[in-house]
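Student: Okay, here's the structure, questions in a sec.
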Amino acid sequence: MVVKVALDTNIIVEYLRQNVVVKKHIDNFITSNIFIPVIVLGELYFGANISLKKDKNRKEIDVFCNKLNIIQIDSEIATYYSEIRKKLKELGKPIPENDIWIAASCIAYDLTLLTLDKHFDNIKELKKITII
């Protein structure tokens with residue numbers, strides 16, 4: 001069975017920082033099976049833009065992300081977003097807005113999310129691998 005994964009922002013940051021544990025997880029996947037929600041790309045560029053090494057960091061992001069599949073927001077993802085946000089509100093367990101979009105992207109495309117964040121555990125329909 002081919003596992004397709006989406007990378008959370010924190011996973012890519014750690015990968016670019018040469019975190020051995022994170023690199024080992026990602027390197028197990030074929031590039032064509034790795035996806036990045038466009039929201040993640042925006043968070044990465046934001047981080048680069050506020051850093052002291054803006055150009056260097058943007059270039060690293062471009063090199064890493066250009067060989068992967070970028071997921072654009074569409075109406076199906078928006079529908080999942082609204083359902084997830086409603087459930088989290090009812091549970092009284094809100095998570096950051098961008099993370100709801102990331103989860104919705106993964107659910108819509110049937111992807112497993114690689115993340116460092118445990119708050120994704122509150123989204124039961126999301127397949128995830130939390131790296132500690």
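Student: Condition first: without any contact (Cβ under 8 Å) to a residue 60 or more places away in the chain and either closer than 20 Å to Val21 by Cα or part of a loop (DSSP other than H, G, I, E, B) (or both). Now tell me which residues in the range 78-119 satisfy that.
Tutor: Selection gives Gly92, Lys93, Pro94, Ile95, Pro96, Lys118.
Student: Can I ask one more? Within the range 55-77, can you find the residues that are assigned to a helix (DSSP H, G or I), touching a helix residue (DSSP H, G or I) at 6+ places or on another chain (Cβ under 6 Å) and farther than 22 Å from Ala104 by Cα?
Tutor: Asn57, Arg58, Glu60, Ile61
Student: For the range 45-54, check the following and say yes or no: at least one residue is surrounded by 13 or more Cβ atoms within 10 Å (Cβ to Cβ), farther than 21 Å from Leu116 by Cβ and not hydrophobic (A, V, I, L, M, F, W, C).
Tutor: Going through the range 45-54, the residues surrounded by 13 or more Cβ atoms within 10 Å (Cβ to Cβ) turn out to be 45, 47-48, 54.
From the residues that got through so far, the ones that are farther than 21 Å from Leu116 by Cβ too are 54.
If we keep only those that are not hydrophobic (A, V, I, L, M, F, W, C) too, we end up with 54.
Checked the range 45-54: at least one residue is surrounded by 13 or more Cβ atoms within 10 Å (Cβ to Cβ), farther than 21 Å from Leu116 by Cβ and not hydrophobic (A, V, I, L, M, F, W, C).
Student: Return the only residue of Ile12, Ile30, Ile39 being in contact with a strand residue (DSSP E or B) (Cβ under 8 Å, 6 or more places away or on another chain) and either polar (S, T, N, Q) or under 16 Å from Leu111 (Cβ atoms) (or both).
Tutor: Numbers: Ile30 fails: in contact with a strand residue (DSSP E or B) (Cβ under 8 Å, 6 or more places away or on another chain); Ile39 fails: in contact with a strand residue (DSSP E or B) (Cβ under 8 Å, 6 or more places away or on another chain).
When all the criteria are applied, what remains is Ile12.
Student: Here's another thing I want to ask about it. What pairs can you find where one residue is in the range 39-65 and closer than 29 Å to Tyr81 by Cα, the other is basic (Lys, Arg) and surrounded by 16 or more Cβ atoms within 10 Å (Cβ to Cβ), and their Cβ atoms are less than 6 Å apart, with a gap of 6+ or different chains?
Tutor: Listed pairs, sorted by first residue: Ala48/Arg58.
Student: Could you please find all residues in the range 104-127 being in contact with a helix residue (DSSP H, G or I) (Cβ under 9 Å, 6 or more places away or on another chain), closer than 15 Å to Tyr80 by Cβ and surrounded by fewer than 19 Cβ atoms within 10 Å (Cβ to Cβ)?
Tutor: Those that are in contact with a helix residue (DSSP H, G or I) (Cβ under 9 Å, 6 or more places away or on another chain), closer than 15 Å to Tyr80 by Cβ and surrounded by fewer than 19 Cβ atoms within 10 Å (Cβ to Cβ): Tyr109, Asn122, Lys124, Glu125, Lys127.
Values quoted throughout were computed directly from the atomic coordinates according to the rules given, and no laboratory measurement underlies them. No experiment lies behind these values; they were computed from the predicted model shown. Please note: Cβ atoms are built from the backbone with ideal geometry, for glycine as well, and neighbour counts cover all protein chains shown.
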